[in-house]
Structures are given as C-alpha cells and as structure tokens.
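Okay, structure first, notes after.
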Amino acid sequence: MVAHVLRLRLALLVGALRHQRARALLAVGVTVVLVVAVALALLRLREASLDSALVVLAIGGSAVSFCFALVPVVVPIRDPLDPRRFAVTGRDWRAVAAATALASPLSLPSVAVVVVGVFLALAWTAQGVDPAAAGFAAALVAVTQMLLARVALGVTALLLPDRRSRELTSLLVLGLAVIAIPVAVFLASLNGEAGIPAPLRAAVDTLALTPIGAAWVLPLDPSPPVVAVAVLTPVVLATAWVLIVRRMLTRTERPVSVRERRGLGWFTVTPGTPGGAVAARSLIYWLRDPRYLVDIAIIPVAAVVAVIPLIIVGVPHEIAALIPAPLVALLLGWVVHNDLAYDGSAVWLHISSAVRGASDRAGRLVPLLLVALPLLAIAIPVGIGVHGDWAALPAMVGVCAALLLGGLGLSSVASVVAPYAVARHGDSPFQQPQRTGGGASQATVLGGAVVTAVPTLWWGWRFLDGEPDAQWWTLGVGLGTGAVVLACGILIGGLLFDRRGDRLMTFAETT
C-alpha cells in the first residue's frame with residue numbers, strides 16, 4: 001500500500017503543475033526564496049561563535065517547528081493524504097497510518113526542510129560536530145517537522161472542519177511577521193565578540209528542552225535531557241498520528257449543521273459585538289479604499305525623508321536612526337483624526353442602529369492597529385540595529401507606544417468634534433475638496449500627542465544621557481500614559497458621538 005500511496009502523491013503533484021500552474025509556480029518561488037534565505041543564514045553560522053550559533057538555532061529552529069505545527073491549524077489547507085480518503089479501500093487503519101506518514105516527504109514543505117537539513121548539517125560540522133552525528137540530527141529535525149505537520153493536519157481535520165478563513169490566515173501572517181522581523185534583526189546583529197544576555201541564554205536553555213527546539217540544538221548541546229526530548233518527540237508524534245488515523249477510520253462523521261453561516265469574511269473573525277461589527281466593516285473599508293492606503297503608504301516615506309536633512313547637517317547616524325520609528329508612531333496615531341469623514345453617508349448605520357459611541361470609537365481603531373504593529377515591528381528593530389545598543393529597545397518601545405496610543409486617543413475625540421471634508425469615495429486620493437477648516441484639528445492632535453508623550457520622552461532622554469534602568473522607566477511610563485490617553489479618548493469620543501449624532505448625520509449628508 002505504501003508504494004500505491006506514493007504513486008498517488010506523485011500524481012497529485014504532477015496534476016497540480018499541469019492544472020494549477022500559476023499557483024504551483026508561485027508556491028515554488030516563495031519556497032525557494034525562503035530556503036535560500038535560511039541556507040545563507042546557516043552558512044553564516046559556520047564562522048559564528050558556538051554561543052551565537054546555539055542562540056540562532058534554538059530560536060530560529062523553534063520558530064520553524066512552531067510554524068509547521070500552527071500553519072495547518074489556521075490556514076485552510078486541504079490535506080492530500082487525509083486518511084479518510086482511503087476508507088473506501090477497506091485497508092486496515094495501521095496500514096493507512098504507515099503509508100500516509102511515509103508519503104509525507106513528497107510535498108513542497110518537506111522537500112524544503114530536507115534541503116535546510118543538509119545546510120544545517122554543514123553548519124554543525126563547521127562547529128566541530130562529528131559528520132555522522134550531524135547527519136543523524138539533521139534527519140531527526142526533518143522527521144520531526146513532517147510529523148508535526150501530519151499531526152497538526154489530523155487534529156485540524158477532527159476538531160476544526162471548515163471553520164477557517166482567509167482573514168484568519170491574514171491575521172496569522174501578520175502575527176508571525178510582528179514576531180519574526182524583530183527576532184531576525186536581533187539575531188542578525190549577534191556576533192562572536194558580544195556576550196549573550198542572561199535572559200536570552202535562559203530562553204535558549206528552555207527551548208532546548210521543548211519538543212520544538214531540542215532537535216535543532218542537539219549536536220551543540222548533547223546533554224541527556226536534550227537527547228531524551230529530541231529522540232522521544234518523533235516517537236510521541238508518530239504514536240499520536242497512529243491514534244488520529246485510527247479515530248478517523250473508526251468513527252462516524254458528525255454531519256455539518258445547515259445553520260452554519262459562511263462567507264462573512266472579517267465578520268466571522270471579529271467578536272460578535274457592536275465594536276466587533278464596526279471593526280469588521282472598517283477593515284473592509286481600509287483594504288479596499290485607496291484613500292486609506294495612500295495615507296498609510298506616505299508615512300514610512302515621510303519618516304525616512306525627515307531624517308535625511310539631519311544626517312546631511314552632521315547628526316551621527318546612530319542618533320538619527322532612533323528618529324524614524326517614533327515619527328512613524330506619531331503619524332500613525334494622527335492619521336485617523338478625521339476617519340469619520342471617510343465614511344460618508346455610511347455613518348448613519350451606526351447612529352440609526354444605536355451603536356454606542358465607545359464601541360464606534362474602539363472599532364474604528366482596529367484597522368490602524370493592525371497596520372501599525374507590522375510597521376513598528378520593522379521600524380523599531382531596524383533603528384535599534386543601526387544604533388547598535390539593544391538596551392535601547394525598551395525605551396524605543398515606550399516612546400512609540402506613548403506617541404501612537406496618545407495620538408489614537410486624541411484622534412478618537414477630534415474626528416467627532418471637528419470633522420472636515422475629504423475626497424469622496426471613488427475620487428483621486430490626491431484630490432482634496434475646498435474646505436474652511438481642518439487645520440486646527442490636525443495641529444491639535446499632532447501637538448497633543450507630543451505633549452502627552454513628554455514624560456516618556458524625558459525618561460528616554462535620561463536613558464540616552466547614561467542613567468541606569470531609565471529605559472525600563474521609559475517603557476513603563478510610555479505604555480501607561482499611552483493606555484490612559486487612549487482609554488480616555490475612546491470614552492470621551494464615545495460620549496460626544498452619542499450627543500452629536502444629529503450633527504454628524506448632517507455633516508455626512510452634506511460633504
């Protein structure tokens with residue numbers, strides 16, 4: 001049966017290349033790019049110190065294993081080796097479990113992890129590991145990833161049938177990007193001369209004792225606990241896969257309820273509350289309205305352009321590198337100071353359905369936060385990496401949080417108190433209508449966000465001046481003041497939204 005399943009799997013791969021050529025080529029291209037990037041990083045480890053190599057492999061390898069386990073759960077993937085497809089053959093569930101597991105290497109992710117395993121063995125060998133031990137550990141890594149994916153697909157088929165969506169997949173990609181980008185920049189900054197921080201060393205030691213990290217560090221840390229976890233993990237996963245196949249082939253499927261609602265997009269992802277409904281509608285607008293997209297696209301460019309004159313006049317690049325991230329945070333908090341005007345007549349939906357003002361204010365901020373997280377996840381680590389001192393990371397996070405959250409809180413009030421006309425939907429985003437107001441609102445929110453962040457900026461300056469532990473005060477004060485201003489802005493803006501409903505309707509109908 002194993003040979004038969006292997007032939008079927010090859011036939012499916014060839015069929016995908018013939019009938020879904022564009023999608024198959026895209027998947028191959030993305031996989032090749034990722035494999036090349038990982039291979040180059042592993043080749044660089046051949047010249048790194050043992051401590052740096054251990055840190056990179058523990059964190060990076062655990063992230064890869066985590067993705068193999070999580071992606072099948074969240075992303076709507078059809079398993080071509082679903083054991084239930086072999087129920088009509090009448091074969092024993094043990095044979096089906098063995099055949100589907102042995103056919104797992106015939107997939108694009110499995111081939112990629114095998115190639116990565118080769119470069120992984122080379123990196124280990126360069127660190128002084130015996131070639132035979134390096135090859136065994138690389139095979140252990142590959143088998144562990146394949147079994148993780150198998151078990152994840154099986155659990156998903158049993159517990160989460162037809163409950164995933166592209167929107168949930170987008171949130172997964174966003175979350176992984178927010179986590180992966182800062183980690184990648186930090187790992188790239190490691191060198192053999194700098195010592196490994198104690199908290200990072202503790203994290204590495206912990207990951208080495210987990211199923212997702214043990215095999216990646218086994219040749220560099222062959223202690224008995226690590227060896228036990230690395231060897232037992234594939235055994236436990238294989239046992240779990242056998243039990244999953246047994247349950248699939250010996251139980252009756254529960255019929256899907258005809259009352260299940262599908263095709264609601266972001267409304268299936270957000271909570272079923274008034275604020276969740278507002279957030280879902282705002283997400284749809286942000287993804288389809290070029291007026292929002294143009295405003296967001298300009299912000300990173302403006303932040304970089306603002307730093308260029310400073311470098312020209314002689315400001316050290318280590319100091320100038322700390323400016324773009326706070327500037328991006330400030331502009332992101334300011335950009336929604338007139339978000340209600342972009343709704344046009346659609347705002348009557350919230351007013352006529354008696355949505356509370358606080359729910360409207362909070363729901364409208366969700367799309368901006370989903371945009372701000374990845375932008376700041378890129379800007380902050382890159383700025384700190386150029387600056388060269390990772391001790392400044394807490395201070396930078398605190399300053400950005402104060403500016404972003406403070407701006408969002410003030411914008412939640414300003415968009416209700418002083419909305420002004422903007423380009424209509426369908427018009428060019430660069431075409432602005434004639435208006436008599438708006439400048440005061442823009443300046444108030446921009447200046448107010450800076451004023452609310454003054455305590456945080458003061459602590460940040462004290463950190464740059466050399467005061468110990470000032471970066472942690474900057475982080476705490478920034479998060480605290482930003483959260484307070486945001487909460488007060490949502491509550492005050494919500495009260496004003498409830499009281500000024502008639503005026504907002506008049507504004508929406510006349511602009």
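I'm told residue 282 meets every condition in (1) more than 24 Å from residue 448 (Cα to Cα); (2) exposed (fewer than 13 other Cβ atoms within 10 Å of the Cβ); (3) at pLDDT 80 or above except one. Can you identify the failing condition by its number?
So residue 282 meets the others, but not (2).
State all residues of segment 456-479 that are surrounded by fewer than 16 Cβ atoms within 10 Å (Cβ to Cβ), within 30 Å of the chain's Cα centre (by Cα) and not hydrophobic (A, V, I, L, M, F, W, C); if no residue qualifies, say none.
Matches in segment 456-479: 469, 476.
Criterion first (in the same structural domain as residue 217 (by TED's automatic domain parsing) and either modelled with pLDDT under 80 or farther than 30 Å from residue 39 by Cα (or both)) does residue 72 satisfy it? Write out each step before concluding.
On the way: in the same structural domain as residue 217 (by TED's automatic domain parsing): yes; either modelled with pLDDT under 80 or farther than 30 Å from residue 39 by Cα (or both): yes.
Judged against the criteria, residue 72 is a match.
Does any residue in segment 137-158 that is in contact (Cβ under 8 Å) with a residue 12 or more places away in the chain come within less than 6 Å, Cβ to Cβ, of a residue that is charged (D, E, K, R) and surrounded by fewer than 20 Cβ atoms within 10 Å (Cβ to Cβ) six or more places away or on a different chain, and which pairs are these?
Listed by first residue and then by second, the contacts come to 153/79.
Please list, ordered by first then second residue, the pairs with beta carbon atoms under 6 Å, 6 or more apart or interchain, first in segment 207-230 and in the same structural domain as residue 60 (by TED's automatic domain parsing) and under 15 Å from residue 117 (Cβ atoms), second part of a helix (DSSP H, G or I) and among the hydroxyl-bearing types (Ser, Thr, Tyr).
Close Cβ pairs (under 6 Å, with a partner that is part of a helix (DSSP H, G or I) and among the hydroxyl-bearing types (Ser, Thr, Tyr)) amount to 215/144.
Residue-by-condition table, conditions (1) touching a residue at least 60 places away in the same chain (Cβ under 8 Å); (2) more than 30 Å from residue 394 (Cα to Cα); (3) of a type in the set (Asp, Glu):
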site	(1), (2), (3)
270	yes, yes, no
274	yes, yes, no
309	no, no, no
321	yes, no, no
339	yes, yes, yes
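Can you run down the residue pairs with Cβ atoms below 6 Å, 6 or more apart or on separate chains, where the first is in segment 26-47 and in the same structural domain as residue 61 (by TED's automatic domain parsing) and the partner is β-branched (Val, Ile, Thr) and surrounded by 14 or more Cβ atoms within 10 Å (Cβ to Cβ)?
35/115; 38/116
Among the numbered conditions (1) modelled with pLDDT of 80 or more; (2) farther than 24 Å from residue 213 by Cβ; (3) surrounded by fewer than 18 Cβ atoms within 10 Å (Cβ to Cβ), tell me where residue 84 comes up short.
The number of the failed condition is (1).
For residue 102, which of the numbered conditions (1) at pLDDT below 80; (2) surrounded by fewer than 18 Cβ atoms within 10 Å (Cβ to Cβ) fails to hold?
The one condition residue 102 does not meet is (1).
Does segment 443-453 include one or more residues that are surrounded by fewer than 17 Cβ atoms within 10 Å (Cβ to Cβ) and in contact with a Pro (Cβ under 6 Å, 6 or more places away or on another chain)?
Looking for residues that are surrounded by fewer than 17 Cβ atoms within 10 Å (Cβ to Cβ) and in contact with a Pro (Cβ under 6 Å, 6 or more places away or on another chain), one finds none in segment 443-453, hence no.
Of these, 329, 325, 362, which one is among the small types (Gly, Ala, Ser), in contact (Cβ under 8 Å) with a residue 40 or more places away in the chain and closer than 22 Å to residue 274 by Cβ? Before you say what the answer is, go through the steps one by one.
Values: 329 fails: closer than 22 Å to residue 274 by Cβ; 325 fails: closer than 22 Å to residue 274 by Cβ.
Unique residue meeting the criteria: 362.
Take segment 290-345 and flag every residue that is among the charged types (D, E, K, R), out of contact with any Phe, Trp or Tyr (no Cβ under 7 Å at 6 or more places or on another chain) and under 27 Å from residue 415 (Cβ atoms).
Taking segment 290-345 first, the residues among the charged types (D, E, K, R) are 291, 295, 318, 339, 343.
Filter once more, keeping what is out of contact with any Phe, Trp or Tyr (no Cβ under 7 Å at 6 or more places or on another chain): 295, 318, 339, 343.
Result: 295, 339, 343.
Restricting to segment 108-120, give me the number of residues that are closer than 18 Å to residue 212 by Cα and either among the β-branched types (Val, Ile, Thr) or crowded, with 23+ Cβ neighbours inside 10 Å (or both). Outline the logic, then answer.
Just the residues of segment 108-120 that are closer than 18 Å to residue 212 by Cα, to begin with: 109-110, 112-114, 116-117, 120.
Then drop every residue that is not either among the β-branched types (Val, Ile, Thr) or crowded, with 23+ Cβ neighbours inside 10 Å (or both), which leaves 113-114, 116, 120.
Summing the residues that are closer than 18 Å to residue 212 by Cα and either among the β-branched types (Val, Ile, Thr) or crowded, with 23+ Cβ neighbours inside 10 Å (or both) in segment 108-120 gives 4.
Might you let me know whether segment 288-307 holds any residue that is crowded, with 16+ Cβ neighbours inside 10 Å, assigned by TED's automatic domain parsing to the domain that holds residue 441, at negative phi and of a type in the set (Phe, Trp, Tyr)?
Yes: one or more hits.
Can you name every residue in segment 384-408 that is modelled with pLDDT of 85 or more, surrounded by fewer than 24 Cβ atoms within 10 Å (Cβ to Cβ) and more than 26 Å from residue 363 (Cβ to Cβ)?
Within segment 384-408, 394 is the sole residue that qualifies.
Considering only helices (runs of 4 or more DSSP H) fully contained in segment 301-398, which possess at least 1 residues that are under 23 Å from the mean Cα position of the chain (by Cα)?
Numbers: elements: 317-320, 324-334, 348-352, 357-387.
In segment 301-398, 324-334, 357-387 are the helices (runs of 4 or more DSSP H) which contain 1 or more residues that are under 23 Å from the mean Cα position of the chain (by Cα).
Got a sec? Which of 319, 351 is more than 30 Å from residue 463 (Cβ to Cβ) and surrounded by fewer than 19 Cβ atoms within 10 Å (Cβ to Cβ)?
Details: 319 fails: more than 30 Å from residue 463 (Cβ to Cβ).
Going through 319, 351 in turn, just one is more than 30 Å from residue 463 (Cβ to Cβ) and surrounded by fewer than 19 Cβ atoms within 10 Å (Cβ to Cβ): 351.
The values are calculated or read from the model by the stated rules, or taken from the named source; none is laboratory data. Nothing here was measured: the structure is a model prediction, and the numbers come from that model. In this analysis, Cβ positions are derived from the backbone assuming ideal geometry, glycine residues included, and neighbour counts consider all displayed protein chains.
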